[in-house]
Amino acid sequence: MTEKNAFQIRRAGAADVPGLVDLLLQVCAVHAEGRPDLFVMGSRKYTDAELCALLTDDSKPVFVAVEEGRVLGHAFCVVEDFRGSNNMQPHVMVYIDDICVDESARGRGVATALYQHVVGFARDLGAHNVTLNVWSCNPGARAFYEKMGMVPYKVGMEQVLD
C-alpha cells in the first residue's frame with residue numbers, strides 16, 4: 001500500500017481475470033490505433049484459458065494494482081534465466097512484457113508503483129537488469145520509461161513490405 005494512494009500492488013490471481021481482460025483490450029486498442037497493420041482492434045493478447053494458465057506460472061509473474069477489489073493496472077513480466085547460456089554472461093533478467101493502467105486511473109501513480117514493484121521484485125531475485133520493448137507509436141510510454149530511468153539497450157527495426 002502506498003502512503004498517498006489507497007491501491008496496493010500484489011501478484012494477480014484468478015479473481016483478477018475480468019479486470020486484466022479489460023486492460024488487455026485497452027492495450028490492444030492503443031497498439032491497433034498506432035499500428036493497424038499489425039494489431040486487430042477489439043482483440044487481446046491472451047484468451048481466458050491462456051490468462052488463467054499464465055497466472056500460475058512463476059516464470060511469468062503478473063502483478064496488479066488493486067483498489068477495493070478493482071484492478072487499476074497490471075504488469076506482465078517474464079523471468080529470463082541466462083545462467084546456462086553458451087554465449088551470454090550468466091545472469092537473470094526480468095522482462096516487462098506489458099504495463100497498463102486503466103484510463104480512469106491514470107495520473108494517480110499506478111504505473112510508477114507497478115514499475116517500482118517490478119524493479120523490487122527483480123532486485124529480490126538477484127536479477128542483473130529489467131528490460132522491456134516500447135512501440136514507436138506510443139511516445140508517451142517511452143517518455144514514462146525514460147522518466148523511470150530506463151535507457152535503450154537495443155533497437156528493433158523493420159521495413160514494411162507492400
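The values are calculated or read from the model by the stated rules, or taken from the named source; none is laboratory data. All figures in this text were calculated on a predicted structure; none of them were measured in a lab. So basically every Cβ, Gly included, is an ideal-geometry build from the backbone, and we count neighbours across all protein chains shown. To get the accessible areas, we keep the full protein, side chains included, count just its heavy atoms, and leave off ligands, DNA and RNA. Shrake-Rupley method; radii C 1.70, N 1.55, O 1.52, S 1.80 Å.
Of note:
- Kirkwood hydrodynamic radius (C-alpha pairs) into Stokes-Einstein, region 115-162, 4 °C and 1.567 mPa s, D in µm²/s: 103
- Shape of region 77-162, Cα gyration tensor, a/c cut at 1.5: oblate
- Stretchable slack from M157 to A15, in nm (0.36 nm times residue separation minus alpha-carbon distance): 47.3 nm
- Local electrostatic count, R10, Cβ distance below 14 Å [Lys/Arg +1, Asp/Glu -1]: -1
- Computed over protein heavy atoms with a 1.4 Å probe, the accessible surface of region 88-162 works out to 66 Å² per residue.
- Inter-part distance, region 110-155 to region 21-35, computed on C-alpha centroids, equals 19 Å.
- Between H91 and N5, residue separation times 0.36 nm minus the direct Cα-Cα distance comes to 27.5 nm.
- Diffusion constant of region 12-60 at 10 °C, which comes from Stokes-Einstein with the Kirkwood Cα-pair radius and 1.306 mPa s, µm²/s: 139
- Difference of contour (0.36 nm per residue) and Cα-Cα distance, E67 to E33: 9.4 nm
- For region 1-128, diffusion coefficient by Stokes-Einstein and Kirkwood Rh (Cα), 20 °C, 1.002 mPa s, µm²/s: 138
- Of V30, T56, M88, farthest towards positive along the dipole that unit charges on Lys, Arg, Asp, Glu beta carbons give region 19-90: M88
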